[in-house]
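Written out below as C-alpha cells is the structure these notes cover.
The values are calculated or read from the model by the stated rules, or taken from the named source; none is laboratory data. Worth saying up front: this structure is predicted, and the values here are computed from it rather than measured. Cβ atoms come from the backbone with ideal geometry, glycine included; neighbour counts cover every protein chain shown. Keep in mind that these areas ignore ligands, DNA and RNA; they rest on the heavy atoms of the full protein, side chains included. Shrake-Rupley method; radii C 1.70, N 1.55, O 1.52, S 1.80 Å.
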Amino acid sequence: MVRDAEAAALFSGLEDLRGLVLAVSGGSDSTALLVLAARWAEALKKRRGRSPKLLAVTVDHGLRSEAKREAAVVKSLARRFGIAHRTLQWRGTKPKTGLQEAARIARYRLLAEAATGAGYEHILTAHTLDDQAETVLFRLARGSGLTGLGGMAHAAAVPVGADTAIFLVRPLLSVSKARLLATLKAAGIDHSEDPSNQDPRFARPRLRALMPHLAREGLDAWGLVRLAARMRRAEATVEFAVAAARSALAPGPWREGEPVTFASTQFRDLPAEVGLRLLGRAIAHAGNEGPVELGKLEELYQAVRTSRASLRRTLAGAVVTLRGGRLVVERAPPRRSPAARGGSRRFTKP
C-alpha cells in the first residue's frame, strides 16, 4: 500500500498551487488518487496552514447506464473527504469507430474546461506503472519511434486556446495498480470497474491480457517501464543534437511565410535521426495540413538523402525542393480544383 510519507513525495511540487482538478472515474486507480490526494492535502494543511483546493471531476461519457450511479458514488466519497465534486457529460453523437480515442479526447477537453472554469491550471490523472507498461507495448505494436516508446510523461502541457495551457500531471506513474488496490483495501473503500477495460474488441484490453504471458518470458511491466525511461533518456540526447543542428544549418528564427533553407551536403552529413527530425520540424513550420506522418516523412527523408539529382516533393502542405546544393522547405501553393484545371470538364463536338 501507499503510505502518507510516500504520497507526500508523489505530490511533491504541487504544494503551492491554488487548486488541482482530480480526474476520478470511480475505478480503483482514480479512487486511490482521490484518497491519497485528500490525505496529502489534509496533512499539508495541518503542517503549513494551507493546501491546494481539490476539485474531483467525473466524466460521464453516456456510454453505460451504470455511469450515473458510479458518478454518484464518487461524489459521496469526495464529500466524505471534504472535496468538491462535479460530474460532466459528453454530449452529442458518438462515433461508430475509434470510440475509445474519441472518448479520451472528450474527457480531456471536459477536464480542461473544468480546470479553466475553477481558475486552476493542473489536472491530476491516476495513470499507473501498469498503464505506462501497456502504453509502451501499445506503441511498440504500432511501430512508434523513439518519442512514442518513451511512454507517458510525468507532466505535460496541454494547449487550451491560443495562449494558455493546462498541465496534465500523473503523480502515480511509478506506482503499481496492485499497491493502489492494497491502499483502498486497507482504507475499506470500494470502487467500480468499467467493463470496457476487459472488452477484447479494444486493443488495450487485448494487450493487457498478454502481459502475464510476456512476464513469464521476462518482459514484465517493470521491464517495459525501464525501456521507456531509457527511451526518454535517448530522446533528450537526440533533441539536444537536433537543436544544435538547427543552430548550425539554419540559425535564427524561422519566420512565418519564409522558406527554411539548408545546405544539402551538410544536411546529408547529419545522423539519420537528427536529419529526419530537422526535416520534420521544417515541414511542420512551413506546411499547413497538420502533423507530419512519420512513415511518409521517413520516405521523403530517404529520397532527400540518397538523391543526387534535383528533387521536388510535397508533404503536409509544404513543398521540399533539392536543387543546386540547397534543400528548401516552403509552403506549398494552394491546390486548384479539378474544374479550375480543366480536368473535370468534358467537351463534345457540336
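Descriptive notes on the structure:
- There is at least one residue in region 18-40 that is in a helix (DSSP H, G or I) and open to solvent by 40 Å² or more (accessible area, probe 1.4 Å).
- When we screen Gly82, Gly98, Gly92 for residues that are surrounded by fewer than 16 Cβ atoms within 10 Å (Cβ to Cβ) and at pLDDT 95 or above, the only hit is Gly82.
- When restricted to residues that are of a type in the set (Ser, Thr, Tyr) and part of a helix (DSSP H, G or I), region 169-185 contains 1.
- Residue in region 65-72 that is of a type in the set (A, V, I, L, M), open to solvent by less than 20 Å² (accessible area, probe 1.4 Å), more than 30 Å from Gly13 (Cα to Cα) and not in a strand (DSSP E or B) present: yes
- For region 111-147, the set of residues classified as assigned to a loop (DSSP other than H, G, I, E, B) and buried (at least 20 other Cβ atoms within 10 Å of the Cβ) consists of Tyr120, Thr125, Ala126, His127, Thr128, listed by residue number.
- Selection count where residues are among the basic types (Lys, Arg), in a strand (DSSP E or B) and either buried (at least 23 other Cβ atoms within 10 Å of the Cβ) or free of Cβ contacts under 8 Å to residues at least 24 places away in the same chain (or both), scope region 41-58: 0
- Per-region count, region 171-196, residues under 19 Å from the mean Cα position of the chain (by Cα) and either surrounded by fewer than 21 Cβ atoms within 10 Å (Cβ to Cβ) or farther than 29 Å from Leu227 by Cα (or both): 1
- Within region 230-257, the set of residues being modelled with pLDDT under 95 and surrounded by 12 or more Cβ atoms within 10 Å (Cβ to Cβ) is empty.
- Per the listing Arg233, Arg208, the residue uniquely among the basic types (Lys, Arg), assigned to a helix (DSSP H, G or I) and in contact with an Asp or Glu (Cβ under 9 Å, 6 or more places away or on another chain) is Arg208.
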